[in-house]
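Step one of this worksheet: look at the structure below.
The values are calculated or read from the model by the stated rules, or taken from the named source; none is laboratory data. Here the structure is a predicted model, which means the values were calculated and not measured. With ideal geometry, Cβ positions are generated from the backbone for all residues, glycine too; neighbour counts draw on all protein chains shown. Please note that ligands, DNA and RNA were not included when accessible areas were found on the heavy atoms of the full protein model with its side chains. Shrake-Rupley method; radii C 1.70, N 1.55, O 1.52, S 1.80 Å.
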Amino acid sequence: MHVYLDYNATAPLRPEARAAMLAALEAPGNAMSVHGPGRAARASIEKARRQVAAAVGAQADDVIFTGGGTEANTLALRGALQAASAAGERITRLIVSAVEHDSIRATAAACGESVAGLRVLTAPVTRTGKLDLAEFKRLLDEGKGRALVSLMAANNETGVIQPVAEAAAIAKAHHALVHCDAVQALGKTPVNIAGLSADYVSFSAHKIGGPQGVGALIVRQGAPLAPQMLGGGQEFGRRAGTHNVAAIAAFGAAVEAATHALPTSAARTELERRLKAACMDAEIFGEAEHRLANTICIASPTIPSENMVIALDLDGFAVSAGAACSSGKVTQSHVLTAMGVAPQVAASAIRVSFGWNTQEQELSAFADAWSRIVKRAQARAA
Ligand code: PLP
């Protein structure tokens with residue numbers, strides 16, 4: 001048996017997405033060609049565009065398909081900064097929260113180095129992992145010039161849902177541009193573009209049961225955006241490059257399926273109850289906050305994350321140690337650090353994330369395995 005509980009890293013492909021992908025792979029067209037096969041490819045991209053837009057309450061014309069969430073985030077930050085500068089309206093501050101995904105943190109840092117006059121500021125989170133709105137407002141109040149703000153809708157490690165609508169309203173009152181990384185929120189909690197008052201919103205297909213390597217940036221009409229890929233004029237000139245038709249079609253099918261019925265937190269609550277009953281010292285990060293229904297970040301004090309991940313893997317359960325990063329190396333989580341979690345506690349944190357194809361008995365078997373491993377470690381330590 002292998003039980004996959006790492007949906008926040010990537011989710012298994014949904015059958016609807018696979019079917020759409022295979023159908024598109026069978027067709028030869030380039031979506032920019034004017035002939036029949038080209039028009040058919042174009043039609044499947046436009047269908048996916050409508051599906052993505054409808055799922056999040058956006059206009060179809062505002063959807064730009066990208067090569068994933070990282071590219072959408074990069075396009076938003078670099079695209080906004082460059083376009084504003086080209087229009088003679090320099091952005092002087094880029095404000096990101098302390099718990100953003102590395103694609104935002106690294107891009108923000110790189111922009112801070114390369115964009116003249118730009119300061120990168122980090123907005124802190126509370127001990128429960130939620131953006132500190134008072135501190136965020138203070139950062140906006142203090143500086144001069146226009147700000148660009150980038151905030152995630154839900155955190156990938158803790159699942160904590162961020163007060164993005166409130167933060168965006170504060171930012172808008174300061175005439176800031178607002179980007180929201182909604183990669184982990186989509187399909188897990190309602191995402192409504194109209195209610196968010198963000199200028200840019202990022203999504204990724206593989207977190208919701210679509211294929212890897214495709215995503216979207218939604219750009220509000222009139223928001224400044226300089227394209228980062230130039231060439232064939234695809235995506236209304238905002239993201240050049242031959243469309244990955246099959247992946248885009250599958251993204252459309254996945255988003256429709258994923259947002260049709262959102263998960264409730266009943267399974268997570270029951271799993272947490274069982275884990276805490278087995279180990280009273282266990283700490284669930286962000287427990288007091290409104291969190292994604294599929295995510296638990298938990299530390300059992302006696303077992304380092306890597307050992308726990310390996311022990312669970314040997315028992316047939318795939319979870320991750322904090323955020324599983326590209327090289328597979330486990331470094332201390334910047335999210336838990338920002339929450340003020342002591343390093344020795346953070347070093348024991350694992351992330352359990354489940355989703356559309358997880359069965360109740362799999363979560364129950366996981367609770368048994370985790371409890372066994374913890375009890376074994378406790379007995380050894382006694
Ligand atoms: N933003 C968040 C919050 C994420 O969790 C991830 C993926 O882990 C990304 C962005 C990057 O998305 P992608 O893997 O599609 O590049």
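Observations, loosely collected:
- Pairs with Cβ under 6 Å, 6+ apart, first in segment 151-167 and assigned by TED's automatic domain parsing to the domain that holds residue 350 and over 13 Å from residue 100 (Cα atoms), second away from the ligand (no atom under 12 Å from the Cβ) and open to solvent by 10 Å² or more (accessible area, probe 1.4 Å): none
- Annotation: of all residues in segment 152-197 being under 19 Å from residue 57 (Cα atoms) and charged (D, E, K, R), the one that is farthest from the chain's Cα centre (by Cα) is 166.
- Taking segment 272-382 as the region of interest, the helices (runs of 4 or more DSSP H) fully inside it that hold 1 or more residues being surrounded by fewer than 17 Cβ atoms within 10 Å (Cβ to Cβ) and at pLDDT below 95 are 305-314, 343-346, 360-381.
- Of the criteria (1) open to solvent by 10 Å² or more (accessible area, probe 1.4 Å); (2) under 25 Å from residue 49 (Cα atoms), which one residue 201 fails: (1)
- Evaluating residue 205 against the criteria (1) under 16 Å from residue 60 (Cα atoms); (2) modelled with pLDDT of 95 or more leaves one unmet condition, (1).
- A search for C-beta distances below 8 Å between a residue of segment 172-189 that is in a helix (DSSP H, G or I) and any residue that is open to solvent by less than 20 Å² (accessible area, probe 1.4 Å) and away from the ligand (no atom under 13 Å from the Cβ), counting only pairs 6+ apart in sequence or on different chains, returns 172/178.
- Search result, residues across segment 20-43 that are open to solvent by less than 60 Å² (accessible area, probe 1.4 Å), touching a helix residue (DSSP H, G or I) at 6+ places or on another chain (Cβ under 6 Å) and farther than 18 Å from residue 240 by Cα: 20, 21, 24, 27
- Within segment 224-240, the set of residues being without any contact (Cβ under 8 Å) to a residue 40 or more places away in the chain and either farther than 20 Å from residue 183 by Cβ or not in a loop (DSSP other than H, G, I, E, B) (or both) comprises 230, 231, 237, 240.
- Meets criteria (open to solvent by 60 Å² or more (accessible area, probe 1.4 Å) and of a type outside the set (A, V, I, L, M, F, W, C)) for residue 14: no
- Of all residues making up segment 211-247, the number that are within 14 Å of the chain's Cα centre (by Cα) and not β-branched (Val, Ile, Thr): 5
Conditions tested, residue by residue: (1) at positive phi; (2) among the polar types (S, T, N, Q); (3) in contact with a helix residue (DSSP H, G or I) (Cβ under 8 Å, 6 or more places away or on another chain).
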{"residue": "222", "(1), (2), (3)": "yes, no, no"}
{"residue": "244", "(1), (2), (3)": "no, yes, no"}
{"residue": "271", "(1), (2), (3)": "no, no, yes"}
{"residue": "275", "(1), (2), (3)": "no, no, yes"}
{"residue": "279", "(1), (2), (3)": "no, no, yes"}
{"residue": "284", "(1), (2), (3)": "no, no, yes"}
{"residue": "301", "(1), (2), (3)": "no, no, yes"}
{"residue": "312", "(1), (2), (3)": "no, no, yes"}
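- Considering 67, 57, the condition of being on the phi > 0 side of the Ramachandran plot and open to solvent by 30 Å² or more (accessible area, probe 1.4 Å) is satisfied by 57 alone.
- Selection over segment 92-108 of residues that are in a helix (DSSP H, G or I), open to solvent by 20 Å² or more (accessible area, probe 1.4 Å) and more than 9 Å from the ligand (Cβ to nearest atom) gives a count of 2.
- Test result for residue 89, more than 16 Å from the ligand (Cβ to nearest atom) and either among the hydrophobic types (A, V, I, L, M, F, W, C) or closer than 30 Å to residue 178 by Cβ (or both): yes
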